[in-house]
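Each remark here refers to the structure printed beneath this line.
The values are calculated or read from the model by the stated rules, or taken from the named source; none is laboratory data. Keep in mind it's a predicted model, so treat the numbers as computed, not measured. Cβ placement follows ideal geometry from the backbone for every residue including glycine, while neighbour counts extend to all protein chains displayed. For accessibility, only protein heavy atoms count, side chains too; no ligands or nucleic acids. Shrake-Rupley method; radii C 1.70, N 1.55, O 1.52, S 1.80 Å.
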Amino acid sequence: MPELPEVETTRRSLEPALLARRIDRVIVRDRRLRWPVPHELEARMTGAVIHSTSRRAKYLLIDTDRGHAIVHLGMSGSLRVVARDAAPRPHDHIDVLLDDGVVLRFHDPRRFGSWHWIEGDPSTHPLLAALAPEPLTAAFDAAYLHRVTRGRSAAIKQVLMNGNLVTGVGNIYASEALHLAAIHPRTKAQRVSLERCARLAHAVKETLARAIEAGGSTLRDYVDGHGNPGAAQQAHAVYERAGEACPRCGGIVKGFRQGQRSTYYCPGCQR
DNA sequence: CCTCCCCCCTGCGCGC
DNA sequence: TGCGCGCAGGGGGGAG
């Protein structure tokens, strides 16, 4: 389901319900996620006290006095807080029962999500160690983007979606950021100048920040931690808008397939 | 090392 | 109405 803005929105909406709560019990109904849920998860998490939540790329972290849960929502995952007597529905794979009667519930029909546990520094976890800088920090800037795109013949859109080069930008926001930066998605990454890298880095930040402000984007089955759909329902400029007029230049938005994913752009203003 | 392609999985909308 | 197909927000992994 989520790109970075949806994960961040989920994290923010869940955090008040989690802070200072002790974990009474963990129920795993289906361990068959992207990676099998570790068998020791229940024992490790039970009794832990949550002191914060955080996010790295599209991973949501639940930080406790005993270790960190590292949760990925994949394509269709969601985390919600529900009452203890709320009956589990299909695809509700994991429940974390808190000491005030609230349950943190992980739901993921496609099971592309994952749930790991690490004791010690979570940034050393194999899934997190090689990730690119956070896109909303100063470390992600024109110089960084220019440096990592040198010598790369892949299309700039593919590079935006490579988590070891740029994190948090998924299929929707890659198209949106390239539109905002007026760069054609098929441009070879190595041909994007420093000046255009500056525009693109800014566009990535702007696109993600706006989507976070809007409370998560318009995703067909996205809900925040309380089951509410993405608020403000921000309109995408190009994503899934083939045939419509570009809001900037009035050109007709086109869609095509790029590496098994759909890409949308405006041939009128993206070069 | 880089690029390309496949795959994991379920659900939904569409055309017939 | 039912069925088959294509597609959906991610990202690891292997072949070349």
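Details
- FRET efficiency for A:Ile27 and A:Thr124, using Cβ-Cβ distance with R0 set to 22 Å, rounded to 0.05: 0.20
- Remark on A:Arg21: its backbone amide H falls under 5 Å from those of A:Ile50, a criterion applied only to residues 5 or more positions apart or on other chains, H modelled at 1.01 Å from N.
- Spin-label proximity, A:Asn162 to the stretch A:96-136 - amide N less than 15 Å from point 7 Å beyond Cα toward beta carbon: A:130-133
- Distant-in-sequence amide H partners of A:Arg55 (H built 1.01 Å from N, under 5 Å): A:Leu61
- Along the stretch A:239-244 the Karplus relation, 6.51 cos²θ - 1.76 cosθ + 1.60 evaluated at θ = phi - 60°, assigns HN-Hα couplings of 4, 6, 10, 3, x, 8 Hz to successive residues, with x for each Gly and Pro.
- Label point distance in nm, A:Leu19-A:Thr46, each placed 7 Å from Cα along Cα→Cβ: 2.9 nm
- When each of the peptides A:77-83, A:20-26, A:166-172, A:240-246 is scored by how many other beta carbons lie within 10 Å of its residues on average, the order from highest to lowest is A:166-172, A:77-83, A:20-26, A:240-246.
- Percent of Cα pairs exceeding the 34 Å cut-off, where the set is chain A: 23 percent
- Estimated from the Cβ-Cβ distance and a Förster radius of 45 angstrom, the FRET efficiency linking A:Lys188 and A:Asp85 is about 0.20.
- Shown for chain A: the carbon plus sulfur share of the solvent-accessible area, taken with all protein chains present and a 1.4 angstrom probe, equals 51%.
- Applying 0.36 nm per residue to the separation of A:Arg66 and A:Glu244 and subtracting their alpha-carbon distance, the gain on full extension is 58.9 nm.
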